[in-house]
Amino acid sequence: QVQLVESGGGLVQAGGSLRLSCAASGSIFSINAMGWYRQAPGKQRELVAAITSGGRTNYADSVKGRFTISRDNAKNTVYLQMNSLKPEDTAVYYCAAEIRIAPEHYEYDYWGQGTPVTVSS
């Protein structure tokens, strides 16, 4: 059983900062890419940022220069540092990870339960 547990969401004023964390636990052999997605009310889920096991990163244009994704492979944890937050960043943020539970298994995508972020103007 694999679990991804997010933390760090909340309410913040525009211009403020938040740091999200997501820890993967359970029967894990290896983790490839990890990432953060978000879904605002009435909108589709979108990729915010992703990071490979080697540390290569990718960001949505809307968050470049404001958000930073990082990971601690020893802790199976991915982080999202969010600075200069805007009201349009308001959404539920989900972490995802490509996890292999045993050498002979394929990688599957696992998702966290989501953590809400609200940015007030």
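The values are calculated or read from the model by the stated rules, or taken from the named source; none is laboratory data. Predicted model, so just to flag it, every value in this text is computed and none were measured. Note that each Cβ is placed from the backbone with ideal geometry, even for glycine, and that neighbours are counted across all protein chains shown. All accessible areas refer to the heavy atoms of the entire protein, side chains included, with ligands and DNA or RNA removed. Shrake-Rupley method; radii C 1.70, N 1.55, O 1.52, S 1.80 Å.
Candidates Y94, Y108, Y79: the one that is touching a Leu at 6+ places or on another chain (Cβ under 8 Å) and not polar (S, T, N, Q) is Y79. Residue count for the stretch 46-73 under the criterion of being open to solvent by 70 Å² or more (accessible area, probe 1.4 Å) and under 20 Å from E107 (Cβ atoms): the result is 4. Among residues of the stretch 82-121 being among the hydrophobic types (A, V, I, L, M, F, W, C), closer than 24 Å to G54 by Cβ and surrounded by fewer than 22 Cβ atoms within 10 Å (Cβ to Cβ), the one that is farthest from the chain's Cα centre (by Cα) is A102. Considering I28, I69, the condition of being of a type in the set (V, I, T) and touching a residue at least 60 places away in the same chain (Cβ under 8 Å) is satisfied by I28 alone. Pairing each residue of the stretch 110-121 that is in contact (Cβ under 8 Å) with a residue 60 or more places away in the chain and under 10 Å from L4 (Cβ atoms) with any residue that is among the aliphatic types (A, V, I, L, M) and open to solvent by 60 Å² or more (accessible area, probe 1.4 Å), provided the two are 6+ apart or on different chains, yields C-beta distances under 8 Å for G112/V5; Q113/V5. Just one of (1) more than 19 Å from A97 (Cβ to Cβ); (2) not in a loop (DSSP other than H, G, I, E, B) fails for P41. It is (2).
Residue-wise test of (1) in a strand (DSSP E or B); (2) in contact with an Asp or Glu (Cβ under 7 Å, 6 or more places away or on another chain); (3) of a type in the set (S, T, N, Q).
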| position | (1), (2), (3) |
| --- | --- |
| A23 | yes, no, no |
| N32 | yes, yes, yes |
| Y37 | yes, yes, no |
| A49 | yes, no, no |
| V92 | yes, no, no |
| E104 | no, no, no |
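For the stretch 51-64, a residue qualifies if it is farther than 13 Å from Y93 by Cβ and either at pLDDT below 95 or not charged (D, E, K, R) (or both), and the qualifying residues are I51, T52, S53, G54, G55, T57, N58, Y59, S62.
If you go through the stretch 20-45 and keep only what is surrounded by 14 or more Cβ atoms within 10 Å (Cβ to Cβ) and more than 17 Å from Q3 (Cα to Cα), you end up with R38, Q39, A40, R45. Does the stretch 49-62 include one or more residues that are of a type in the set (G, A, S), within 22 Å of I31 (Cβ to Cβ) and in contact (Cβ under 8 Å) with a residue 24 or more places away in the chain? Checked against the condition, which is being of a type in the set (G, A, S), within 22 Å of I31 (Cβ to Cβ) and in contact (Cβ under 8 Å) with a residue 24 or more places away in the chain, the stretch 49-62 yields at least one hit.
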